[in-house]
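For reference, the structure is listed below as structure tokens.
The values are calculated or read from the model by the stated rules, or taken from the named source; none is laboratory data. Keep in mind it's a predicted model, so treat the numbers as computed, not measured. Heads up, the Cβs are rebuilt from the backbone with ideal geometry, glycines too, and the neighbour counts pull from every protein chain shown. In case anyone asks, the SASA skips ligands and DNA or RNA and just uses the protein heavy atoms, side chains included. Shrake-Rupley method; radii C 1.70, N 1.55, O 1.52, S 1.80 Å.
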Amino acid sequence: MPQAIIHSGMPPSLPGRRNLLCVLDWGLGHASRSLALLGALEKAGELTFLASCGRARKFLEQERPDLTVYELPAYDVRYPTGNMPLNVGLQLPKWLRTIAREKRQTARLVEELRIDRIISDSRFGCYHPRVESVMLTHQLHPIFNFGPMSWSYVKYLRRFREVWVPDTADRKMSGRLSDPKGYKKVRFIGPLSRLEPTKPAPENWRTLSLLSGPEPMRSRLEKILLGQLRQLPGPHLLIRGVPDEEEVVEEHRIVVKPFADRQFLARHLPIAQHIICRSGYSTLMDLAALNLSAKIILIPTPGQTEQELLAQTQVQSGDALAAFAQGEIDLAGLIG
């Protein structure tokens with residue numbers, strides 16, 4: 001295959017262009033970075049429609065109540081085990097059916113909304129042969145540790161006219177995951193974050209835990225953290241990452257908040273002495289956007305090899321204090 005054509009920065013804007021931005025329902029990270037992209041497209045004068053499902057759709061509706069978020073079929077990704085090939089193998093038939101369904105739904109939306117360009121944040125069926133179709137992802141070469149799976153992934157990605165990577169051309173954050181080798185056209189559009197520095201909140205959190213990602217691993221991590229935080233002097237804030245719930249609970253010096261919007265996060269993340277979170281790429285982009293001085297503790301989602309690599313890289317570079325496997329978390333030993 002010829003060497004990839006590589007571009008840096010967003011492509012030239014076309015005021016009045018009609019985009020369809022399709023967001024994966026895999027935690028809230030995809031929705032978070034898609035909001036940042038939406039803002040850039042709107043600033044350029046382009047009209048952009050949103051489509052998603054599940055918690056990601058609810059998140060988008062809460063953050064942008066002025067917009068309609070169209071429904072797409074759910075991948076409903078789950079990580080029942082710490083084995084990536086097994087997790088994918090168990091769900092692959094369902095995902096293939098979802099890809100076929102979202103391809104049909106995308107075609108309907110393209111016609112109904114008169115779409116000029118589709119931008120798919122990691123949804124493989126959201127493309128159209130007669131419309132410019134772009135894939136937004138930092139994973140051009142994901143770590144599956146299973147050859148046939150990697151081959152299939154790249155095959156699907158090549159159906160898109162162009163791949164947009166939310167990183168700089170030197171791949172400072174994404175590293176070897178976004179190596180353009182093997183692709184026709186790759187554009188590095190720069191990191192995407194919906195967070196901007198602002199006046200910090202008056203509180204002073206000893207820890208701020210920011211949860212997200214697929215079930216049941218998200219719920220398992222929440223249970224582990226609450227058990228350990230109860231043994232530590234506070235105060236602590238735990239944000240569950242479930243926008244479909246509203247109750248705020250306070251117990252044992254711990255405030256448990258179901259969801260936090262971008263204004264809340266921008267005010268409270270900088271005042272935390274320690275930040276505990278997944279090593280998802282979108283989360284790392286948000287933390288980098290705020291230039292935080294807090295000590296970051298990363299806990300990769302079990303079975304998500306990309307997060308394990310990113311966590312190791314962050315610790316080695318000095319951008320994170322520590323990384324724990326989910327079953328080996330020891331907050332008392334680390335921060336006392």
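Mean residue ellipticity at 222 nm from the helices of the chain, using -39,500 (n - 2.57) per DSSP H segment of n ≥ 4 over the full residue count, to the nearest 500 deg cm²/dmol? Walk me through the intermediate numbers first.
Working: 9 runs with 114 residues, N = 336.
Helix-only estimate at 222 nm: -10500 deg cm²/dmol.
Using Cα springs under 10 Å in a Gaussian network model of the chain, which residue among 61, 71, 111 shows the largest mean-square fluctuation?
Checking each option, the largest mean-square fluctuation is seen for 111.
So how much slack lies between residue 14 and residue 253, counting 0.36 nm per residue of separation and subtracting their Cα-Cα distance, in nm? Don't skip to the end; give the middle numbers.
Values: separation 239, 0.36 × 239 = 86.04 nm, distance 5.13 nm.
Working it through step by step, the gained length comes to 80.9 nm.
Which listed residue (302, 51, 65) has the Cα farthest towards the positive end of the charge dipole for the chain, taking +1 on Lys and Arg C-beta and -1 on Asp and Glu C-beta about the Cα centre?
51
In the Gaussian network model of the chain, springs joining C-alpha atoms below 10 Å, which of 51, 31, 322 carries the largest mean-square fluctuation?
322
Give me the one-decimal nm value for the distance between modelled label points at residue 179 and residue 4, 7 Å along each residue's Cα-to-Cβ direction.
About 1.1 nm, to one decimal.
Between the stretch 218-251 and the stretch 253-322, how far is it from one alpha carbon centroid to the other, in angstrom?
The two parts, judged by their Cα centres, are 15 Å apart.
If you place +1 on the Cβ of every Lys and Arg, -1 on the Cβ of every Asp and Glu, and leave all else neutral, what size is the dipole of the chain about its Cα centre, to the nearest 20 Debye? Each step should come with its number before you reach the end.
Working: 44 positive and 35 negative charges, 213 e Å.
With only Lys, Arg, Asp and Glu charged at Cβ, the dipole is about 1020 debye.
Which three lengths, in whole Å and largest first, does the chain cover when its Cα atoms are put on their principal axes?
59, 44, 36
Can you work out the FRET efficiency for the pair residue 223 and residue 76, with r the C-beta to C-beta distance and R0 = 30 Å, to the nearest 0.05?
Here the calculated transfer efficiency is 0.90.
Grab the Cα-Cα distance for residue 231 and residue 172, subtract it from 0.36 nm times how many residues apart they are, and report the gain in nm with one decimal. Numbers along the way, then the final one.
On the way: separation 59, 0.36 × 59 = 21.24 nm, distance 3.73 nm.
Full extension from residue 231 to residue 172 adds 17.5 nm.
In terms of the ratio Rg/(2.2 N^0.38 Å) built on C-alpha atoms, what value belongs to the stretch 196-336? Don't skip to the answer; put the middle values down first.
Details: Rg = 13.9 Å, N = 141, 2.2 N^0.38 = 14.4 Å.
Cα-based Rg divided by the globular estimate yields 0.96.
For the pair residue 67/residue 44, report the inter-label distance in nm, with labels modelled 7 Å from Cα in the Cβ direction.
Placing both labels 7 Å beyond Cα along the Cβ direction yields 1.4 nm.
Given 0.36 nm per residue, what is the gain on full extension from residue 317 to residue 131 after removing their alpha carbon distance, in nm? Each step should come with its number before you reach the end.
Working: separation 186, 0.36 × 186 = 66.96 nm, distance 4.10 nm.
Here the answer is 62.9 nm.
Where the accessible area of the stretch 232-336 is counted over protein heavy atoms with a 1.4 Å probe, how much of it, in %, is carbon and sulfur? List each step's numbers first, then the result.
Details: 1940 of 4320 Å².
Whole-percent figure for carbon plus sulfur exposure: 45.
Please compute P(r) over all alpha-carbon pairs of the stretch 22-69, binned at 10 Å starting from zero, and give each bin as a whole-number percent.
29, 59, 11
Scaled to the compact-protein estimate 2.2 N^0.38 Å, what is the alpha-carbon radius of gyration of the stretch 28-162, rounded to two decimal places? Working shown, then result.
Values: Rg = 15.3 Å, N = 135, 2.2 N^0.38 = 14.2 Å.
Relative to the 2.2 N^0.38 Å estimate, the stretch 28-162 comes out at 1.08.
Just grab the label-to-label distance for residue 86 and residue 305, each label 7 Å out from Cα along the Cβ direction, in nm (one decimal).
Reported label-point gap for residue 86 and residue 305 is 1.6 nm.
Using the Kirkwood formula over every pair of different C-alpha atoms, what hydrodynamic radius in Å results for the stretch 127-174?
Values: mean 1/r = 0.0835 Å⁻¹.
Result for the stretch 127-174, one decimal place: 12.0 Å.
Please compute, for the alpha-carbon atoms of the stretch 296-336, the extent along each of the three principal axes and give them in descending order in Å.
Here the Cα extents, ordered largest to smallest, are 29, 23, 10 Å.
Mind ranking 277-285, 33-41, 219-227 by how tightly packed they are, going by the mean number of other C-beta atoms within 10 angstrom, highest first? Don't skip to the end; give the middle numbers.
Numbers: 277-285: 25.4, 33-41: 21.1, 219-227: 15.2.
In descending order of packing, they fall as 277-285, 33-41, 219-227.
Rank 175, 317, 332 by how far each Cα sits towards the positive end of the charge dipole of the chain (+1 on Lys, Arg Cβ; -1 on Asp, Glu Cβ) and give me just the farthest.
Comparing the listed Cα positions along the dipole, 175 ranks first.
Go through 204, 235, 221 and say which Cα lies farthest out towards the positive end of the charge dipole of the stretch 179-291; charges sit on Cβ, +1 for Lys and Arg, -1 for Asp and Glu.
221
Using a 4.7 Å cut-off between beta carbons, which cysteines in the chain end up with no partner cysteine at all?
53, 277
Kirkwood hydrodynamic radius (Cα pairs, Å) of the stretch 154-247?
Numbers: mean 1/r = 0.0579 Å⁻¹.
Computed over Cα pairs of the stretch 154-247, the Kirkwood hydrodynamic radius comes out at 17.3 Å.
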